[in-house]
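Heads up, the thing below is written out as structure tokens.
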Amino acid sequence: MNKNPIKLGKLVRRTIFYLFIVTLAVSIILPVFFLVSLSFLSTRESYSFPLPLLPSLKTEYSLTHSDRGYLLSVYDKFDKEYQTVLDTAELEKMSVYMKNQIGTPYSIPKIEERIAELENGGKDTIFFSVRKNLLLNYTTFFQITRDAVPALLRSLQIAGLTILISLSIGSMAGYAFARYVFAGRDVLKFSVLFVRMFPGVAIALHMAIILANMGFYDKPIGLALVYSVGSIALTVWITASVFMGIPESLEEAAQVFGATKWQTFLRVTFPLALPGLAAAAMYTFLGAWTETVSAILLTQFNPTFSVVVYQSLLGAVGNVNLTAAGGLVLAIPSLIFTFFIRKYIQQMWGGMTI
Amino acid sequence: MTASTPAKRFRDLGSKAVPYLLIAPVVIYYFFFWFRPVLVTLIKSFQTAAGAFTLQNYHMVLTDPDFLVALRNTAIIVLFSVTLEFLGALFLALLINRKFTGSTFFLFVAMIPMALPGVAVAAMWLTGLTAHGWINSLLYYLGILAEGAKIYWLAGSEWKLLGLIILIDAWQVIPSMMIILLAGLQNIPEETIEAGYVFGGNFITVLRKITMPLLGPTIQTAVILRLISAIQIWLIIVLLVGFSRMPVLVERIVYYYKEVPNLDISLQMASGYAIVVSFIVSMVALLYLKVSGAFGGKKEAAQ
Amino acid sequence: MATLTMQNVTKIFGRDVIAVKDFNLEVKEKEFLVLLGPSGCGKTTAMRMVAGLEEVTTGEIFIDDREVTELPPRKRNVSMIFQNYAVWPHMTVYDNIAFALKLKKLHKDEIDRRVKETAGMAKIEMLLERYPSQLSGGQQQRVAVARAIAVNPDIFLMDEPLSNLDAKLRVSMRTELKAIHDKAGSTTVFVTHDQSEAMSMADRIVIMKDGEVIQVGSPDDVYHRSGSIFVADFIGTPPTNFMDVKIQKESNGTHLVNTHLNLLLEPEMAKHLNGYDKNHIVLGIRPENIVLVGESDAALSASCLVSEPQGSHQVVAIQLDDNIVKVVAPPNPIIAPGTDVHLIFKQETLRFFDPDTTLAIND
Ligand SMILES: Nc1ncnc2c1ncn2[C@@H]1O[C@H](COP(=O)(O)OP(=O)(O)OP(=O)(O)O)[C@@H](O)[C@H]1O
Ligand SMILES: [Mg+2]
């Protein structure tokens, strides 16, 4: 009888709920969307107002004679008219402009073809369109910042070393915390707070001297040692939480069936903890990979990738779209790992509270 | 019972030592790479450039005209951003914990800001907040901004800037707080909450009387971690508006170390600021833990 | 005190997990109704739909004449004992019991009176100031009971409330729960997969399988007049013995025949097969309805496989082809493996089942 209105009400409620969720999701990623979009814009587009919401896929050109040579114009979608961008007789200049400013690589012979068309066709103006190379900002970023590729590799190496150091040192303590009662257990627990109470920059600056003494200054291992200061304490927490999530009775069962403590750890505890430890490793990766401040302070000739992006940000008066491309390359591994980490949130944070 | 042989006693000692052996690397590591720098800073903060003992550095820091401004700015940012971030994070965590279809994907979306590197975030907001940036573009597309009109986000009053910084910081920090709260929520057995509904609670009463009290320790953890790092905010500010425009405490440390490293007093000021900041951070943390009842007054309920 | 009606209730999880299927049920006022069925058959789901913790996919639920299908739990006036008790760890026993009463905005004195009264019924008066972590499992369980009766619910839901207790406590709590029910007189739905619990407590038993109701009836009904092979097999330890037999009509009456057996049915019993047109049935007989007799009187002889003494009786297992038939016999003398045993069936207790539909023929 009154079944339909009820179902309708449910449907409406559900629709509103999902509309809300979508709105929320959109507003969270809106800034990221613009960063992504920016990384695909041509330099000319990225300095127009309003910024295009989406990058164009091709550009409409017109070519006509001028006193000095040729007038190259670009169709402006927003103003709905052609706008002259270049007045020159030099074809090379034209080609470079088309590539660097508009993002449409166009070789000189091709331009010559167009000019021949203009000269011989008896037309005042000729129109042509060129497809945009969407990835141009990305390739350019790696070309003009010559450090980019080695820096990327270095960043990977640093992140790897940080994971190695903090996970090996941190997970031992995490295991002790989860399984043993010992003096200083609470101090260990609060250490995650202590180490954060002192400004990281101040530590990083003094580390410069310590690292120099060790011969590690401006080397990947040096930064990894610095990053581990913050991440070990966190790893202790996370791994303690992971180990707490593994019932002790499982270990006891293994011992009852004849395993030594060490075998128990290798055959029972470790495999069970592995996903959680992997998540902890990824979490450490996020920190080491994205860190910039200590990297700026503690590198000289061997910057990390985040420093390279940072420098392009500072120098990027004319090239925000390149910085955006670099920033996104930097963001991609973090995003991938975040995607995996989300499944282990409870294991990582569920066991420990102050 | 046999009398304990030396071998057995040795073994006992060995097994007692296990936890200490396990935590030894952490202790050693922190001694070398944390405690030493801290100690050096502490000593430097009591020394003149020539190395003699002095209290002058602290006097300089505390009478520095920028100190009070930095303190005030930091306090405002901490107060509002931690509150805003906590409420936002709790809201998101409760929402995601409802486990609707698509909630795990939504969780990923909600975690994106925390995955983005600081520089990428700075690039994002810088390109957004300029007069020709995407924020104005968006407002224009939405019809909110008239043709030719621009909002100069980064210009104008300090308060506007503070507000912006709080919002931007919240955007990036909410996810890391949210995941801690979400983990805590997932630890509460579903039936404990459901019992609240069966026995007459509505959403608000169940949240107030059951969910929040059970989440208490988790909330403490999330808030204290956030509080400690919120007091040390500086990077996003410097990237957005540069040094000295909107002084905050840690920005002053970096300012003296990096921007004007060659003044006579640079090192003293920087060390002094660093110690003052740590002092403030630890006092605030202690106060928070005390007020929120993390010490002593633990309810017997804790299982 | 109220009645509960479920009409064509179906619950589908996700796309295709049908947890409860076209469920129809009427619980009478003050009735103690037990939902019984194997693990995963949908008992909890059915109960959670009554409580409002799970949305129904289709169908309606009524408490008295009030449709509650779409109401949130708090507007249904039901109360529930959860399988793991779900007492709130951050509240004292007193606060746990008083929670719902406070939400009803009762007067302080009234709350106090009700808390003490129900705590008395559940025998936890002296524990009121404790936190749940300071209680034993059985005590927590009593807190859950007290909390549930304090609200004076229309419907009282219990989801395997005794399953976490040790065997002895379980049996004594059974009696107490039943006594509390009789005193409070609330309509109760009790979920269990323990059949002896069901038999001893229920006014009526609902037997479920794969989300469907298979049989509803008094404990006596489902035990002695099982409506299907499933029920006859599910209820009773040891369960009903089944044998495939052929129906042979001869001059002296109807015989049930297989390789070991040739049973002449008494006319009373043979009548049941009158309307039946196939020539095979499944014969069901409960172990206690098979009687050991001397060789000359036997309908069936075979050798004993093993005998399990149970104190008050022994369970004798006999191998017939692939089947093992179990017999409840007097405790003495203990029958040694290999001994020949001779049996007759108590004819009036025989159950006939259609081998294709598995439903009972004699009702
Ligand atoms: N949230 C859910 N999502 C998907 N399937 C579910 C969900 N809850 C229950 N089910 C499925 O529905 C069926 C019935 O589950 P239910 O918990 O009602 O069984 P039960 O009879 O209470 O079993 P038990 O005696 O083991 O408690 C099961 O097959 C189960 O796997
Ligand atoms: Mg169940």
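Every number here is computed from the coordinates shown, using simple stated rules; none is lab data. The structure displayed is predicted, hence computed values, not measured ones. All Cβ positions, even for glycine, are placed from backbone atoms using ideal geometry, and neighbour counts span all protein chains on display.
Descriptive notes on the structure:
- Residues of region C:109-164 classified as within 16 Å of ligand 2 (Cβ to nearest atom) and out of contact with any strand residue (DSSP E or B) (no Cβ under 9 Å at 6 or more places or on another chain), total: 0
- Candidate set: region B:114-149, residues that are touching a Phe, Trp or Tyr at 6+ places or on another chain (Cβ under 6 Å) and more than 7 Å from chain A (Cβ to nearest Cβ); chosen: the one farthest from A:Ser334 (Cα to Cα): B:Ala131
- Residue, farthest from ligand 2 (Cβ to nearest atom), within region C:172-185, restricted to residues that are more than 17 Å from C:Phe82 (Cβ to Cβ) and touching a strand residue (DSSP E or B) at 6+ places or on another chain (Cβ under 9 Å): C:Asp182
- Any hit, region C:186-194, residues being surrounded by fewer than 19 Cβ atoms within 10 Å (Cβ to Cβ) and within 30 Å of C:Thr3 (Cβ to Cβ): yes
Table: residues versus (1) over 30 Å from C:Pro89 (Cα atoms); (2) within 11 Å of chain A (Cβ to nearest Cβ); (3) touching a strand residue (DSSP E or B) at 6+ places or on another chain (Cβ under 8 Å); (4) buried (at least 17 other Cβ atoms within 10 Å of the Cβ).
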| site | (1), (2), (3), (4) |
| --- | --- |
| B:Pro175 | no, yes, no, yes |
| B:Glu190 | no, no, no, no |
| B:Ala195 | no, no, yes, yes |
| B:Leu235 | yes, yes, no, yes |
| B:Val238 | yes, yes, no, yes |
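- Helices (runs of 4 or more DSSP H) contained in region A:264-354 and holding at least 3 residues over 27 Å from A:Val236 (Cβ atoms) and out of contact with any strand residue (DSSP E or B) (no Cβ under 9 Å at 6 or more places or on another chain): A:305-315, A:320-341
- Within region C:51-66, being more than 16 Å from ligand 1 (Cβ to nearest atom) and part of a loop (DSSP other than H, G, I, E, B) holds for C:Asp64, C:Asp65.
- For region C:25-50, the set of residues classified as assigned to a strand (DSSP E or B) and either more than 17 Å from the chain's Cα centre (by Cα) or within 10 Å of ligand 2 (Cβ to nearest atom) (or both) consists of C:Leu35 only.
- Output for region A:232-249, where each listed residue is surrounded by fewer than 13 Cβ atoms within 10 Å (Cβ to Cβ) and part of a helix (DSSP H, G or I): A:Glu248, A:Ser249
- Within region A:20-60, the residues that satisfy the criterion of being aliphatic (A, V, I, L, M), more than 8 Å from every other protein chain (Cβ to nearest Cβ) and part of a loop (DSSP other than H, G, I, E, B) are A:Leu41, A:Leu54, A:Leu57.
- Taken as a whole, the structure places C:Val20 among residues that are of a type in the set (Val, Ile, Thr), within 16 Å of ligand 2 (Cβ to nearest atom) and within 24 Å of the chain's Cα centre (by Cα).
- Figure legend. Inter-residue proximity from region A:329-349: first residues closer than 24 Å to B:Ala123 by Cβ, second residues of a type in the set (Gly, Ala, Ser), beta-carbon distance below 7 Å, spacing 6+ or different chains. Indicated pairs: A:Leu330/A:Ser306; A:Leu330/B:Ala120; A:Ala331/B:Ala115; A:Ala331/B:Ala120; A:Ser334/B:Ala115; A:Leu335/B:Ala115; A:Thr338/B:Ala115; A:Ile341/A:Ala279.
- Residue match in region C:179-190 (condition: within 16 Å of ligand 1 (Cβ to nearest atom), within 14 Å of chain B (Cβ to nearest Cβ) and within 22 Å of C:Ala51 (Cβ to Cβ)): yes
- Region C:137-164, residues that are in contact with a Gly (Cβ under 9 Å, 6 or more places away or on another chain) and within 16 Å of ligand 1 (Cβ to nearest atom): C:Asn164
- Which listed residue, of C:Thr69, C:Thr5, is part of a loop (DSSP other than H, G, I, E, B), without any contact (Cβ under 8 Å) to a residue 60 or more places away in the chain and not acidic (Asp, Glu): C:Thr69
- Every listed requirement among (1) within 16 Å of ligand 1 (Cβ to nearest atom); (2) within 14 Å of chain B (Cβ to nearest Cβ) is met by C:Val34 save one, (2).
- Scanning region C:85-100 finds no residues that are touching a residue at least 60 places away in the same chain (Cβ under 8 Å), within 16 Å of ligand 2 (Cβ to nearest atom) and of a type in the set (Gly, Ala, Ser).
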